[in-house]
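Have a look at the structure below, then the notes.
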Amino acid sequence: MSNLSTVSEVNAYMADKSYVTGYAFSSSDVEVFAKISLPEKSSYPHAYRWYVHIAALTGVKCLSLVSAAAPKAAPKAAPAPKAAPAPAPKKEEPKAEPAPAKAPAAAAAEDDDDDDWFAEDDDDEADAKP
């Protein structure tokens, strides 16, 4: 669709589309994008939407153009800096009591179960006596 060469043609064509051809970004979008400049948002809303979208996809920095096209509001005065709040007093954390020691045989049996990642029962077979 490289016959789109004016903003009004692009606006009419993009009324119900997101891309020039098909359902994805293509070289046709780049061709038409190169032919027009940033459309006025209020006069050509569909062309404006498409233009900003294609600019984002191609990496064109048009944010300054978009913000320049927006009506300028009166700048707001920056609020006065506030003093930093005083640090909160440190609280003493309760001390945890150590866990009771386990019997050596029970600890060894428990450790053996922790390493059985594939649920193999090799240890049980080795422990069984014929």
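Computed from the coordinates by the stated procedures, all read-outs in this text should not be read as laboratory data. Because the structure is a prediction, the values reported are computed rather than measured. Backbone-built Cβ (ideal geometry, glycine too); neighbour counts: all protein chains shown.
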Point to revise | Formal net charge of residues neighbouring residue 54 (Cβ-Cβ distance under 11 Å; K, R +1; D, E -1) | key: -1
Point to revise | Spin-label pair residue 30/residue 97, simplified geometry with 7 Å Cα→Cβ offset, distance in nm | key: 7.3 nm
Review point. What is the spin-label model distance, in nm, from residue 21 to residue 9 if the labels are put 7 Å beyond Cα along the C-beta direction?
Key: 1.6 nm
Exercise for review: Please give the net charge around residue 36, taking every other residue with its beta carbon less than 12 angstrom from that of residue 36, where Lys and Arg add +1 and Asp and Glu add -1.
Suggested key: -3
Check your understanding: Relative contact order (percent) for region 15-61, with alpha-carbon contacts under 8 angstrom and 6 or more residues of separation?
Key -> 31 percent
